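Colleague: Below are the structure tokens for one structure; questions will follow.
The values are calculated or read from the model by the stated rules, or taken from the named source; none is laboratory data. Predicted, not measured: the structure shown is a model, and the values here were computed from it. Here the Cβ positions follow ideal geometry from the backbone for every residue, glycine too, while neighbour counts run over all protein chains shown. Calculation scope for accessible area: heavy atoms of the full protein, side chains included, ligands and nucleic acids excluded. Shrake-Rupley method; radii C 1.70, N 1.55, O 1.52, S 1.80 Å.
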Amino acid sequence: MAGAMALLGAAAPALAQPKLHVPSPDWRDQVIYFVMTDRFANGNPANDDQGAGEFKPGDRSRYQGGDFQGLIDRLDYIRGLGATALWITPPVANQWLGPDGAYSSYHGYWAQHFRQVDPHLGTLADYQRLSDALHRQGLYLVQDIVVNHTGNYFGYGAWRADDPERAWRGFEAYTRTPPVARPTQPPFDQNDPRDPAQRAAGIYHWTPMVADYKDPVQEATFQMGGLDDLATGNPVVRRALRDSYGFWVREVGVDAFRVDTAFYVPPEFFRDFLRSQDLAAPGIERVARATGRDGFFTFGEGFGIDRPYRDEMARKVERWATDAQGPLMPGMLNFPLYGALNDAFARGRPPAELAHRIRQTMALHARPHLMPTFVDNHDVDRFLQGGSVPGLRQALLAMFTLPGIPVVYYGTEQGFNEPRASMFAAGWGSGGRDRYDTTAPLYRDIAAMAALRRGDRVFTRGTPRVLHAAGATPGAIAWAMEYRATPQAPRQRALVVMNTAEQPALLPAVATGWPAGTVLEGVYGLDGTPGRVVVGAGGRLTLALAPRSGQVWRVAAVGQVAGQATAAAPAPTIEALPSARVRGDFEVRGRVPPRPGAAWRLVVDGQLAQAQPVVPDAQGRFSARVDTSTMVDPGVEHELSVWADGEAAAPVRRFRVDRAWALAARADDPAGDDTGALGPQAGRYAYPTDSSWGANRQMDLRHVAAFTAGGALRLELGLHRLTTYWSPPNGFDHVHLTVFIELPGEGPGATAMPMQDGTLPAGMTWHRRLRVGGWSNALFSHEGASASGEGTPVAPGASLQVDAARHTITLTLPAAALGRRATLAGVRVWVTTWDYDAGYRALGLEPAAYAMSGAPPGSPKVMDASAVLVLP
């Protein structure tokens, strides 16, 4: 087979005195650039095709040709972005194709030999050259590793725990699992429980796929996505894994590991993996110290996102970093913060939810500054699949100014909206051109943010203190960063302020904790460096913020402005509200200081565009009525202030609104009609043949109920069964819901169903399209939509709740997402089901493990659909 000898990793000449081993950096100061090696740069086309049908340029499921040489060729591009470390996907020898031949392991996570280089990437000598090139440019090498599983070499039919050989089936035909029928590395080659010796060795958990990720036994010992689960409690397995990964530190000079699927390995494994004193196969940190690395960094993946104001997943993440005996892994990817950043900046959730996550990051995690942070990666939607470029810039600025190690996923700097698209012209998703533009706006933005972070330890070492966050709608959020190197050193301070709304917002009389007269000098802004501001009387600060703005100041002087006295001027006030809970519109009273020509406005939830003018009497007293028609969530705290341009705002008053939802329409859907709902082949569609679908019939829509509260819409969607085979953060998988909403009076809408190869029912158009799945939640308007284009992202988006016991998904769209209508009368809603895997899942005539069948490609991708609901 072509390239077979390259498995030995010895084809290229050795380097002359390579610079493989360098001292560890302080990882808090690093910026990591994460690449999927196969998709980044093709520097050696000779290693692209290994002759097994795994290489198909332009096919997203196959190898595209990226390799080590491509990375070496593009290090100037990576360094110019401000990155100081390169994280690559697993470089080890892989099972190139899954048993059904539908997908390849271009990503590197299906290992067949943990000590060999995969020939698609190059040779061991090529990998050493990459390490050498990185270190000579002052960069560090992070290798992705897997300890939970190998590739998919066996599976189960009817499994029994007490009889692991019963119903075991090995995918032994060479053509089904190239390049080899089973792992070739001892002891991982012992994967057949029908052999008594192999069964007794217990290298694997002889188990089927996880069906319930809430079951800790399944989570730790069953197969994730069909990948063969290693018995990581077995000392033989542990020793082999330490030996395998110690090899890369010694022989290549790897500086850090990222551990894939860490949640599916018991936390205590990592103490042994990193710190074992076994002389034959020492722990990784001991191996690293022998190479001069005293701070070898290991961080794990724990895919868990918390609901707003919840912390279960954050606490779980910390269990893999620290236990009662002390540190386990030095760091864990901050998935809970990733979820909050996307909710605030892409989906338009109130920034108070992000504020909670910031506070809890500091409260729950022992080493928050060593938690890599990110806005998207290879396992989730790109930020720009549901968010906007202004929102992405804000999310990146938050990442670069909060504790944690910023991780930039390749292509983010070029505005990619496909999770695994290629950077080079011949690769899938590149648009037929190279994508290494160092003048791209996002590239320049990230480089500037990286320089800001590197230039002041207040951002790499500091502690955030949230000063304000809008609690009901998109709007203002502000946090101070404070750092003192030693008790005797001067305190460094910075202020970060953003407006997540698409309209101007007020930061209202925020208590900074700094004395009046404190001077703040602007150091960075998304739209230009901000000017100097001075903290006002009482240590409060009021700012009017432009839409989607982001600004950073450093404290230049604490206390009185030089040569000036700061007199306490009369401040506007709002009287105490009669009740913290209201049931409808209500009257508010207050007082403002006499300011000739001042145009005072009552500001609700910081929204300046909707601010209501108030007219004070001669004594400055005023009254106004507060409209609560768009306030539909009793759990949300709203805020009131009064403000005039150039003046300090009144300290806020807070209240909640109790409002009932009313059932507006309901459509029940027949059971078992999930066989295609559109086109000439409707009624002939079939699910993928993989057993995780089958009788579960996740795409069988059973009912749609629409509830309204003023201009807000809530949809309850009932399905035959909800499953979580792949541990989806949104609480369900194997189904993707697409909701089309027609809004009367908004003019011509769209009729095409983006990427679903269909059109809406006759006479219907859409103005909002909501796409929701296990890893997605994105809202679009019809502007720019086409058969291949999703439209324009809209914020705020939908909140999502899952009731697994009832098999229902509830989506709530606030009035702001639907144009702030007083009523939803005449609105039409249509719901469809399919599934999604970096795009709507494929459809073909023949049955397939992970694709729908029963109709030719290009037929409508709709498995089931509701009736069109018309709201009264």
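Colleague: Can you work out the FRET efficiency for the pair A580 and R160, with r the C-beta to C-beta distance and R0 = 51 Å, to the nearest 0.05?
Modeller: Working from the Cβ atoms, E equals 0.30.
Colleague: For region 761-825 and region 298-355, what is the separation of their C-alpha centers, rounded to whole Å?
Modeller: Centre-to-centre (Cα) distance: 26 Å.
Colleague: Another question, then. Amide H neighbours of V582 under 5 Å, at least 5 residues apart or on other chains, H built in the peptide plane: list them.
Modeller: R656, V657, D658
Colleague: Hey, another quick one. Taking all protein chains as present, what is the carbon and sulfur share of the accessible area of region 787-872, in % to the nearest whole number, probe 1.4 Å? Walk me through the intermediate numbers first.
Modeller: Working: 1730 of 3030 Å².
Answer for region 787-872 is 57 percent, counting heavy atoms of protein chains only.
Colleague: Now for a separate question. Just need the relative contact order of the chain here, percent rounded to a whole number, with Cα pairs under 8 Å and 6+ apart.
Modeller: Value for the chain: 9 percent.
Colleague: Another question, then. Kindly report the accessible area of region 533-657 per residue (heavy atoms of protein chains, probe 1.4 Å, no ligands, DNA or RNA), in Å².
Modeller: 50 Å²
Colleague: Now for a different question. How do 828-841, 320-333 rank on mean C-beta neighbours within 10 Å, highest first?
Modeller: Result, highest mean Cβ count within 10 Å first: 828-841, 320-333.
Colleague: Let me ask something else. Among A324, T438, M753, which residue has its Cα positioned farthest towards the positive end of the charge dipole of the chain, with +1 placed on the Cβ of Lys and Arg, -1 on the Cβ of Asp and Glu, and the dipole taken about the Cα centre?
Modeller: Positive-most Cα among the choices belongs to A324.
Colleague: Next up: Would you please classify the overall shape of region 201-282 from the alpha carbon gyration tensor, given that a ≥ b ≥ c denote the square roots of the eigenvalues, rounded means a/c under 1.5, and beyond that prolate means a/b larger than b/c while oblate covers the rest?
Modeller: On the way: a/c = 2.20, a/b = 1.83, b/c = 1.20.
Cα axes put region 201-282 in the prolate bin.
Colleague: Between D215 and D294, with labels modelled 7 Å along Cα→Cβ, what's the label distance in nm to one decimal, could you check?
Modeller: Reported label-point gap for D215 and D294 is 4.8 nm.
Colleague: Using modelled backbone amide H atoms (1.01 Å from N, in-plane), which distant-in-sequence or interchain residues come within less than 5 Å of D835's amide H?
Modeller: H736, R841
Colleague: If you take the charge dipole of the chain about its Cα centre, with +1 on Lys and Arg Cβ and -1 on Asp and Glu Cβ, which of T291, G98, G157 is farthest toward its positive end?
Modeller: It is T291, whose Cα lies furthest towards the positive end.
Colleague: Can you tell me, using C-alpha contacts under 8 Å and at least 6 residues apart, the relative contact order of region 525-630 as a whole percent?
Modeller: Reported as a whole number, the value is 22 percent.
Colleague: Still on this structure, I have one more. On a full-extension model of 0.36 nm per residue, what is the gain between R654 and E846, subtracting their alpha-carbon distance, rounded to one decimal in nm?
Modeller: Working: separation 192, 0.36 × 192 = 69.12 nm, distance 5.95 nm.
Extra length available between R654 and E846 comes to 63.2 nm.
Colleague: Using only DSSP helix segments of four residues or longer, with each worth -39500 (n - 2.57), what per-residue ellipticity at 222 nm results for the chain after dividing by its residue count and rounding to 500?
Modeller: -4500 deg cm²/dmol
Colleague: Hey, quick one: spin label on A451, modelled 7 Å out along Cα-Cβ, who in region 75-99 has an amide N within reach, i.e. under 20 Å?
Modeller: Hits in region 75-99 for A451 at 20 Å: 75-85.
Colleague: For region 796-808, take each phi angle, set θ = phi - 60°, evaluate the Karplus expression 6.51 cos²θ - 1.76 cosθ + 1.60, and give the result in whole Hz per residue in order, putting x for glycine and proline.
Modeller: Whole-Hz 3J(HN,Hα) from phi for region 796-808: x, x, 9, 8, 9, 9, 10, 10, 5, 5, 9, 6, 10.
Colleague: Starting at the first residue of region 425-431, write each ³J(HN,Hα) from the Karplus equation 6.51 cos²θ - 1.76 cosθ + 1.60 with θ = phi - 60°, in whole Hz, x for Gly and Pro.
Modeller: Listing the rounded values in order: 4, 7, x, 4, x, 7, x Hz.
Colleague: Between region 393-453 and region 136-209, what is the separation of their alpha carbon centroids in Å?
Modeller: If we compute the Cα centre of each part, the gap is 36 Å.
Colleague: Average the reciprocal distances over every distinct pair of alpha-carbons in region 582-722, invert the result, and give the Kirkwood radius in Å.
Modeller: 19.6 Å
Colleague: Give, rounded to the nearest 20 debye, the magnitude of the charge dipole that the chain has about its Cα centre when Lys and Arg contribute +1 at Cβ and Asp and Glu contribute -1 at Cβ.
Modeller: Here the chain has a charge dipole of around 2500 debye.
Colleague: Another one. What percentages make up the Cα-Cα pair-distance distribution of region 430-528 when the bins are 5 Å wide from 0?
Modeller: In whole percents, the pair-distance histogram is 2, 10, 15, 19, 17, 14, 9, 6, 4, 2, 1, 0.
Colleague: Report the relative contact order of region 90-188, percent, no decimals, based on alpha-carbon pairs under 8 angstrom and at least 6 residues apart.
Modeller: Worked out over region 90-188, it gives 33 percent.
Colleague: Under 5 Å between amide hydrogens, which residues at least 5 positions from Y103 or on another chain qualify, with H placed 1.01 Å from N in the peptide plane?
Modeller: Distant-sequence amide H within range of Y103: G98.
Colleague: With labels modelled as points extended 7 Å from the Cα through the Cβ direction, what inter-label distance (nm, one decimal) is found for A867 paired with D76?
Modeller: Calculated label separation equals 6.6 nm.
Colleague: Using +1 on the beta carbon of Lys and Arg, -1 on that of Asp and Glu, and nothing else charged, what's the dipole of region 244-305 about the Cα centre, debye to 20?
Modeller: That gives region 244-305 a dipole magnitude of about 160 debye.
Colleague: Give the average over all directions of the projected area of the C-alpha convex hull of region 501-613, one decimal, in nm².
Modeller: Projected over every direction and averaged, the Cα hull of region 501-613 covers 9.1 nm².
Colleague: Tell me, what are the semi-axes, in whole angstrom and largest first, of the equivalent ellipsoid of region 221-326 as set by the roots of 5 times the Cα gyration tensor eigenvalues?
Modeller: On the way: eigenvalues 133, 58, 33 Å².
Whole-Å semi-axes of the equivalent ellipsoid: 26, 17, 13.
Colleague: Using the Kirkwood radius built from alpha carbon pairs, what does the Stokes-Einstein equation give as D for the chain at 4 °C and 1.567 mPa s, in µm² per second?
Modeller: 45 µm²/s
Colleague: Taking Cα atoms, how many degrees apart are the long axis of helix 335-345 and the longest axis of the chain, rounded to 10 and kept between 0 and 90?
Modeller: Long axis of 335-345 versus the principal axis of the chain: about 40 degrees.
Colleague: Could you tell me what fraction of 2.2 N^0.38 Å the Cα radius of gyration of region 748-861 comes to, as a two-decimal ratio?
Modeller: 1.16
Colleague: Excluding ligands, DNA and RNA, what is the solvent-accessible area per residue of region 832-872 at a probe of 1.4 Å, expressed in Å²?
Modeller: With all protein chains present, region 832-872 gives 33 Å² per residue.
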